[in-house]
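Chemist: One structure is given below, represented as structure tokens, and several questions about it will come after.
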Amino acid sequence: MSLSLRLSSSFLPQIPTSPSFLCFVPPKFQNGDFLICRYRRRQPSLLTLRCFSTSKPYDNGREHHREEEEHDNQRMKGPQMDDEEEEEDKAIASLVLPERWDVLGLGQAMVDFSGIVDDEFLNKLGLEKGTRKVVNHEERGRVLQAMDGCTYKAAAGGSLSNSLVALARLGSRSATTPAINVAMAGSVGSDVLGGFYREKLRRANVQFLSEPIKDGTTGTVIVLTTPDAQRTMLAYQGTSSTVNYDKILANAVTKTNILVVEGYLFELPDTIRAITEACQKARSNGALVAVTASDVSCIERHYDDFWEIIGNHADLIFANSDEARALCNFDAKESSASVTRYLSHFVPLVSVTDGHRGSYIGLKGEAVYIPPFPCVPVDTCGAGDAYACGILYGVLRGISDLKSIGSIAAKVAATVVGQQGTRLRVSDAVKLAESFTFHRSTIGSDIGTDHISSV
């Protein structure tokens, strides 16, 4: 089955030229000062961030600090940077932004604190293993205090950011393909964690566009992993966890080809209004709108809000089989294929993952089965985020055959599942992009920025 879209040629990523770029220099640093952020993890504290400005000349052989990647060791080993970080640093050294975004993500900006614990740890704190719950400031402090002495790390987390970082890495410019320009909007505080989050995304070639909220605190997610690979997640939304339809977001959605809305946003107070306005503005300017289902409990709590957006604005939805069943109000006996077919009557393009059993892509009441790509599973967390990245990559690269798009997504997901951590590594992204050249050269399509009109 082919994905038939009537879209303009401007949708495909173009190699930017100088007139298409805007250079932004923070006013406070136009005198030659530079803002330098250093991130250090120490025992027993979780994270120490130091930010300062210097008016010294910027040394081309500047000291590099080691950014923590998902696969890094827990302790900082010195000022050197690994090869993948150096690749990214060279790519983003100049604060130069494209005139138009290929993908703009609207989601929760949360800093992850990930730790390895045992069942006894969870029992002492009265936590149910494998669940996700929202906690307040006091509860978060109690858990962090209990984690003192555990192995842990901090990262710019979130399901949406995993997909965006993977897409930026997979879509980096090569000799034969232009770069895929990726940005994110959301809510961070003016605290050190907010600065940490923005800088981490910037180093991954994902520009965080929203301004920090003055005196706000950035949200965090504590991820507790037990030896059986079960993850218990505690989300603290922070005082900055409110997404408003401000001037920055209003401007950004008019200059994007795909707007991706993270389902976790529905948890935030009064966010449905901002989501609705962003989706309406994006579609009126020719963008496609994608929605991630995110979590079953989130769907159940905000069912009407989900369908307000999905039913009226969504062109594409990402869900796993449980989330898809929750959206359809189907019981657990319903097959993934049937829920995919059902959803595709309401949303033009549907992506439903089903773990090791594979996945389905729905279109016009039909479900196309995508077999899983062979791999040795190491860490399944982030598989769905990587799969969504693969779907977006296939659409942006002009692939119309659904099986080919799904195969790309399955291969990206398998790569992430076969490693420790949720982020697609730069070296793996380069290899994957090279392997996809055959798909792109043999499948023709005309994809652009109008709505999916054939469905």
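The values are calculated or read from the model by the stated rules, or taken from the named source; none is laboratory data. Just so you know, these numbers come straight off a predicted model, no measurement behind them. Quick reminder, even Gly has a Cβ in these numbers, built from the backbone with ideal geometry, and neighbours come from all protein chains shown. Please note that ligands, DNA and RNA were not included when accessible areas were found on the heavy atoms of the full protein model with its side chains. Shrake-Rupley method; radii C 1.70, N 1.55, O 1.52, S 1.80 Å.
Chemist: Every residue in region 409-433 that is over 16 Å from residue 382 (Cα atoms) and free of Cβ contacts under 8 Å to residues at least 40 places away in the same chain, please.
Modeler: 431
Chemist: Is it true that some residue in region 356-363 is farther than 28 Å from residue 326 by Cα, surrounded by 24 or more Cβ atoms within 10 Å (Cβ to Cβ) and in contact (Cβ under 8 Å) with a residue 12 or more places away in the chain?
Modeler: No.
Chemist: If the Cβ limit is 9 Å and pairs must be 6+ apart or interchain, which residue in region 107-121 that is farther than 20 Å from residue 241 by Cα and in a loop (DSSP other than H, G, I, E, B) pairs with which residue that is among the basic types (Lys, Arg) and open to solvent by less than 10 Å² (accessible area, probe 1.4 Å)?
Modeler: Pairs found: none.
Chemist: A further question follows. What's the number of the condition residue 403 fails, among (1) over 16 Å from the mean Cα position of the chain (by Cα); (2) over 22 Å from residue 316 (Cβ atoms); (3) at pLDDT 90 or above?
Modeler: (2)
Chemist: Still on this structure, I have one more. When you go through 358, 362 one by one, which is the residue that is touching a Pro at 6+ places or on another chain (Cβ under 6 Å) and at pLDDT 95 or above?
Modeler: Only one candidate qualifies: 358.
Chemist: If residue 347 meets every condition in (1) buried (at least 21 other Cβ atoms within 10 Å of the Cβ); (2) assigned to a loop (DSSP other than H, G, I, E, B); (3) modelled with pLDDT under 95 apart from one, which number is that one?
Modeler: Evaluating residue 347 over (1) buried (at least 21 other Cβ atoms within 10 Å of the Cβ); (2) assigned to a loop (DSSP other than H, G, I, E, B); (3) modelled with pLDDT under 95 leaves (3) as the failure.
Chemist: Also: Could we say that residue 449 is surrounded by 16 or more Cβ atoms within 10 Å (Cβ to Cβ), at pLDDT below 95 and in contact with a helix residue (DSSP H, G or I) (Cβ under 6 Å, 6 or more places away or on another chain) here?
Modeler: When the stated conditions are applied, residue 449 passes them.
Results for (1) assigned to a helix (DSSP H, G or I); (2) open to solvent by less than 10 Å² (accessible area, probe 1.4 Å), shown as yes or no for each residue.
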{"position": "342", "(1), (2)": "yes, no"}
{"position": "368", "(1), (2)": "no, no"}
{"position": "391", "(1), (2)": "yes, yes"}
{"position": "403", "(1), (2)": "yes, no"}
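Chemist: Let me ask something additional. Take the residues in region 416-436 that are among the aliphatic types (A, V, I, L, M) and more than 17 Å from residue 173 (Cβ to Cβ); name whichever of them is least open to solvent (accessible area, probe 1.4 Å).
Modeler: 416
Chemist: Here's another thing I want to ask about it. Look at region 111-131 and say how many of its residues are surrounded by fewer than 18 Cβ atoms within 10 Å (Cβ to Cβ) and within 22 Å of the chain's Cα centre (by Cα).
Modeler: Total meeting the criteria: 2.
Chemist: State the number of residues belonging to region 113-160 that are β-branched (Val, Ile, Thr) and closer than 24 Å to residue 185 by Cα.
Modeler: Count: 2.
Chemist: Give the residue that is surrounded by the fewest Cβ atoms within 10 Å (Cβ to Cβ), with candidates limited to residues of region 323-340 that are touching a helix residue (DSSP H, G or I) at 6+ places or on another chain (Cβ under 6 Å) and of a type in the set (Gly, Ala, Ser).
Modeler: Checked region 323-340; the qualifying residue surrounded by the fewest Cβ atoms within 10 Å (Cβ to Cβ) is 326.
Chemist: Okay, next question. For region 304-326, enumerate the residues that are free of Cβ contacts under 8 Å to residues at least 40 places away in the same chain and farther than 11 Å from residue 293 by Cβ.
Modeler: Answer for region 304-326, where residues must be free of Cβ contacts under 8 Å to residues at least 40 places away in the same chain and farther than 11 Å from residue 293 by Cβ: 304, 305, 307, 308, 311, 312, 313.
Chemist: Scan region 267-278 and tell me whether some residue there is crowded, with 22+ Cβ neighbours inside 10 Å, closer than 23 Å to residue 364 by Cα and modelled with pLDDT of 95 or more.
Modeler: There is no residue in region 267-278 that is crowded, with 22+ Cβ neighbours inside 10 Å, closer than 23 Å to residue 364 by Cα and modelled with pLDDT of 95 or more.
Chemist: Let me ask another. Could you run through region 286-322 and say how many residues are open to solvent by less than 20 Å² (accessible area, probe 1.4 Å) and of a type in the set (Asp, Glu)?
Modeler: Number satisfying all stated conditions: 1.
Chemist: Of the residues that make up region 133-146, is at least one modelled with pLDDT under 85 and polar (S, T, N, Q)?
Modeler: Among the residues of region 133-146, not one is modelled with pLDDT under 85 and polar (S, T, N, Q), which makes the answer no.
Chemist: So which residues in region 370-389 are modelled with pLDDT under 95, more than 30 Å from residue 100 (Cα to Cα) and open to solvent by less than 50 Å² (accessible area, probe 1.4 Å)?
Modeler: Correct list: 379, 381.
Chemist: Looking at region 175-197, can you tell me whether even one residue there is among the hydroxyl-bearing types (Ser, Thr, Tyr), surrounded by 24 or more Cβ atoms within 10 Å (Cβ to Cβ), in contact (Cβ under 8 Å) with a residue 24 or more places away in the chain and not in a loop (DSSP other than H, G, I, E, B)?
Modeler: Yes; the residues of region 175-197 include at least one that is among the hydroxyl-bearing types (Ser, Thr, Tyr), surrounded by 24 or more Cβ atoms within 10 Å (Cβ to Cβ), in contact (Cβ under 8 Å) with a residue 24 or more places away in the chain and not in a loop (DSSP other than H, G, I, E, B).
Chemist: Return the total of residues in region 413-446 being at pLDDT 50 or above, not β-branched (Val, Ile, Thr) and not in a loop (DSSP other than H, G, I, E, B).
Modeler: 10
Chemist: Let me ask something else about it. For residue 172, work out the one condition from (1) at pLDDT below 90; (2) open to solvent by 10 Å² or more (accessible area, probe 1.4 Å); (3) in a strand (DSSP E or B) it doesn't fulfil.
Modeler: Tallying (1) at pLDDT below 90; (2) open to solvent by 10 Å² or more (accessible area, probe 1.4 Å); (3) in a strand (DSSP E or B), residue 172 fails exactly one: (3).
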